[in-house]
Amino acid sequence: MKLVINDLKKLLDKNAALMSLMALICSFMALFFADGRSQEINKVMDIVKIDGILILFIMFGVELAKNTLVSDKISKKLEFLLANGLSIKKILIKYLFSIYLGTLIIVLPSLILNLLKLEISLIIILNLLISSFLYTLIIVLIILDTRNMNKVNSLQIRLIGLSLLIMIALILVYNFTNSYAFYLITKFFILGSVIIILGINTNKERIVVSYY
């Protein structure tokens, strides 16, 4: 826990405050897009807006990961931690929670604004929290598995592209089934499958090896 707190102190700087302000402005503008539409369309738009916060979460999550996980991997700190008995599981937990909590704090003003404006149910809030956690896990696993660190520069674009494809697929699922439960099951199945594939490839060799 102490390692996570130390990472949070490092991550929550002036740049984090600026990212939080940008997210708040974007959410403030997006909130008015559904005004005057039918109730059913507004319901779909509310889901899209929540998933839109996930895209911001991914963008900021990758940026925070560059300041911690990527930096530590390049500097061979991860190799040092492994050599001193810290397990892969503990390393994963350390960066997962520091990046997740740091990013959650950044998007919190935007999230609060959406909660005040929209009639959000508990299940939609849980959707956002769980989905953002799973995306953070994907970010951490991808970086741990990456050897050529130049690929990290395009990680944001690749993950945003993935999230948009998943969002489109889920909107289609919702339109055909009109079931939010099936929407969530499909989302968590896709994200869970990606995590399993990445987790299988994660090992000490891939974690400690990095080059430009």
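The values are calculated or read from the model by the stated rules, or taken from the named source; none is laboratory data. These numbers come from a predicted model, not from an experiment. Side chains included, ligands, DNA and RNA excluded: accessible areas come from the protein's heavy atoms. Shrake-Rupley method; radii C 1.70, N 1.55, O 1.52, S 1.80 Å.
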Lysine pairs in segment 67-161 with alpha-carbon atoms under 21 Å apart, 8 or more places apart or on different chains: how many are there?
12
Can you give me the convex hull volume of the Cα atoms of segment 47-113, divided per residue and expressed in Å³?
78 Å³
Heavy atoms of the protein only, probe of 1.4 Å, neighbouring chains included. What is the accessible area of residue 51 in Å², nearest 10?
10 Å²
Rounded to the nearest whole Å², what accessible area per residue is found for segment 54-208 with the 1.4 Å probe?
47 Å²
HN-Hα J in Hz across segment 69-77 - Karplus 6.51, -1.76, 1.60, θ = phi - 60°, x for Gly and Pro
5, 4, 4, 5, 6, 5, 7, 6, 5
Between residue 171 and residue 212, what is 0.36 nm times their sequence separation minus the Cα-Cα distance? Round to one decimal in nm.
10.9 nm
If you project the alpha carbons of segment 112-212 onto their three principal axes, what span does each projection cover, largest first, in Å?
47, 29, 20
